[in-house]
Amino acid sequence: MTKRQLKHIVLLISIIAISIAASHFDAQLLRLNSDRRSKQQNIDKFNEVIHYIDNVYVEDVDWETSAEGAINGLLETLDPHSVYITQDDAIVNEENFDGKYQGIGIHYDVLDGYLTVISVIPGSPSEDVGLLAGDRIIKIDGESAYKISMPDVPKKLKGPAGTAVEVTIKRNGAADTFDLTIIRGEIPIFTLNTYFMADDCTGYVWINRFARTTSTELEEALLDLDNQGAKQLILDLRGNGGGLLKEAVKVTAQFISGHKKVVYTRGRFSRYEEEFYTDDYQVDKVYDYPLIVLLDGGSASASEIVAGALQDYDRAFIVGLNSFGKGLVQNEFQLNDQSRIRLTVSKYYTPSGRLIQKPYKNKELDQYYYGSVDGHVDNDSLLADSLDQHPVYYTEGGRKVFGGGGISPDYEVAYNTVSKSEEITRQFMQKRIFFELAAELVLRYPEWAKDFTKFKRSYVTNKTIIDKLKAIARAKNIEFNALDLIKDKAYLSNRIKAEIARNIWGMNCYYEILLEYDNQFQEALKHFDKASKLTSVNRQLSIQK
């Protein structure tokens, strides 16, 4: 072949390549222009609809409601997590993420029309003035609170720190009502349900969501458990719907040292693609003892980021059920009336490359959230029984882990410590039978309040207590079969004991008692041999690097 022929061939190939590139560019340009035209046509169509409604519709139009409906309808076509947030809801969300609000500091419910104190937040203004669980608030600032609606309660009790609210109290065992003036203060919203020593060497921490205070709360809890002799830990993320990404990274960093990728995001636009590492945020201490993480179908988003990273680095043994599978990243954008839209901008991936998000296209919301069209889901459907069809990934130590949505546990166990008479116990819960029984028992047996450890160890639900439970239920017109209560004795006993603990010592002790009857928690305690092996693998890999 001559040099001239070679030059002609190279020139021809170049021309063909340029032509292909140009045609590809033209095709992209055509598609882009087509998309723009389509978008503009639909915007014009929407404006036409507004014009006709405004000019010919028979009645006056509530444009705020109509606009919200249109926005919601548009966002629903995108994905399940792109949503519209009203101005009021935006304020509540800010409080939840900030980890504090301003008010008097109680957990409450409206029982038989009365605003009733369920528990008092430790260190709150309500504790300062001596408000107690079981107290009924019958007036607020001189106005009757009887049959107050739940949404109206915060409107009456919340307010700027330093302002006063006067409440009239009816207390069990007291003949007369009395007034209390409560000076509102800043109330912390804790993201740790509870933490305690499960035995001489095992710590337990239950995180309910990821807000701005979570990593600090965890740091303080781990230090306290460390001082109590913790040599291993159960981190409970069941029911944790997620929250702030930054806090998930900081929590993970408390168990993984060095420069390790915790999570990364990928999206349509590069400005939303990020990578997050354990050393992005400084932590005072890294705990490298054996770790078990509890997950269930309610564990989502930030909790899946933590669990996925800990599993990918062979740092934790996962027990429970497959997590929810929420791996879409939302950013909030404020609108002109202070309402907001929360739009999906990217997707989460674990260090091994697993996409956390489960499929959502062409699914009804009930199917997406609960796994069935009617909203009912069986525990068995949450078990990872079809992992052979899921993409396979590998941990840092070479273990198989699975993609396809959510984080699959290393050991599957469904939650089965539920009532055997669900309808009866549901009525007991709704009408606060356990709460009323506990309030009476605490007055009858004041010696219980002397020592929680002794109470936890020695309390027994006897026939007298069960008979009193029946009497309160009958007084509330709840129909039940006595045999059902006998079959459900273990469940009922645990609920009564937990409610007594809440009445005397608060929410931490309430949760600690509930966990005595939690089969997933009890099962997790049996797997520290496996968690210890993973800890050894993780340490060896860290040394090699």
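The values are calculated or read from the model by the stated rules, or taken from the named source; none is laboratory data. All values reported here derive from a predicted model rather than from experimental measurement. Don't worry about glycine lacking a Cβ; one is built from the backbone with ideal geometry, like all the others, and counts go over all protein chains shown.
Only one entry of 295, 343 meets the criterion of being farther than 21 Å from residue 393 by Cα and out of contact with any Cys (no Cβ under 7 Å at 6 or more places or on another chain), and that entry is 343. When the helices (runs of 4 or more DSSP H) confined to region 459-545 are screened for residues that are in the same structural domain as residue 442 (by TED's automatic domain parsing) and among the charged types (D, E, K, R), those reaching at least 1 such residues are found at 463-475, 482-487, 489-505, 507-514. Please work out if residue 161 is under 24 Å from residue 288 (Cβ atoms), surrounded by fewer than 22 Cβ atoms within 10 Å (Cβ to Cβ), touching a residue at least 40 places away in the same chain (Cβ under 8 Å) and of a type in the set (Gly, Ala, Ser). In short, no. Determine if region 211-230 includes at least one residue that is in the same structural domain as residue 295 (by TED's automatic domain parsing), assigned to a strand (DSSP E or B) and within 30 Å of residue 256 (Cβ to Cβ). So far as region 211-230 goes, no, none of its residues is in the same structural domain as residue 295 (by TED's automatic domain parsing), assigned to a strand (DSSP E or B) and within 30 Å of residue 256 (Cβ to Cβ).
The residues listed here are 482, 524; of these, the one that is of a type in the set (A, V, I, L, M) and touching a residue at least 40 places away in the same chain (Cβ under 8 Å) is 524.
Among the numbered conditions (1) modelled with pLDDT of 95 or more; (2) in contact with a helix residue (DSSP H, G or I) (Cβ under 7 Å, 6 or more places away or on another chain); (3) of a type outside the set (A, V, I, L, M, F, W, C); (4) not in a helix (DSSP H, G or I), the only one that residue 200 does not meet is (2). Checked against the criteria, residue 173 counts as surrounded by fewer than 18 Cβ atoms within 10 Å (Cβ to Cβ), touching a residue at least 60 places away in the same chain (Cβ under 8 Å) and not β-branched (Val, Ile, Thr). The number of residues in region 148-170 being assigned to a loop (DSSP other than H, G, I, E, B), in contact with a Lys or Arg (Cβ under 6 Å, 6 or more places away or on another chain) and either in the same structural domain as residue 502 (by TED's automatic domain parsing) or hydroxyl-bearing (Ser, Thr, Tyr) (or both) comes to 1.
Selection of helices (runs of 4 or more DSSP H) fully inside region 379-454 by the criterion of at least 1 residues being at pLDDT below 95 and more than 30 Å from residue 359 (Cβ to Cβ) returns 422-430, 433-444. The single residue among 193, 208 that is touching a Ser or Thr at 6+ places or on another chain (Cβ under 9 Å) and either at pLDDT below 90 or under 25 Å from residue 240 (Cα atoms) (or both) turns out to be 208. Hey, could you check region 173-190 for residues that are among the β-branched types (Val, Ile, Thr) and modelled with pLDDT under 90 and say which is farthest from residue 143 (Cα to Cα)? It comes out as 189. Look at residue 268 and say whether it is part of a loop (DSSP other than H, G, I, E, B) and surrounded by 19 or more Cβ atoms within 10 Å (Cβ to Cβ). So residue 268 fails the test. Look at residue 208 and say whether it is under 18 Å from residue 118 (Cβ atoms), buried (at least 16 other Cβ atoms within 10 Å of the Cβ), assigned by TED's automatic domain parsing to the domain that holds residue 316 and not charged (D, E, K, R). Spelling it out, residue 208 is indeed under 18 Å from residue 118 (Cβ atoms), buried (at least 16 other Cβ atoms within 10 Å of the Cβ), assigned by TED's automatic domain parsing to the domain that holds residue 316 and not charged (D, E, K, R).
In the condition set (1) under 21 Å from residue 185 (Cβ atoms); (2) surrounded by 14 or more Cβ atoms within 10 Å (Cβ to Cβ); (3) touching an Asp or Glu at 6+ places or on another chain (Cβ under 9 Å), residue 116 is compliant with all but (1). The sole residue among 64, 59 that is on the phi < 0 side of the Ramachandran plot, assigned to a helix (DSSP H, G or I) and surrounded by fewer than 15 Cβ atoms within 10 Å (Cβ to Cβ) is 64. Counting only residues that are in a helix (DSSP H, G or I), out of contact with any strand residue (DSSP E or B) (no Cβ under 7 Å at 6 or more places or on another chain), at pLDDT 85 or above and not charged (D, E, K, R), region 74-99 holds 1 of them.
Evaluated against (1) more than 29 Å from residue 441 (Cα to Cα); (2) within 26 Å of the chain's Cα centre (by Cα), residue 117 falls short on exactly one condition, (1).
Just so you know, in region 133-147 the residues that are part of a loop (DSSP other than H, G, I, E, B) and crowded, with 19+ Cβ neighbours inside 10 Å include one that is modelled with the lowest pLDDT, and it is 133.
Of all residues in region 275-323, those that are without any contact (Cβ under 8 Å) to a residue 24 or more places away in the chain and either assigned to a loop (DSSP other than H, G, I, E, B) or in contact with an Asp or Glu (Cβ under 9 Å, 6 or more places away or on another chain) (or both) total 1.
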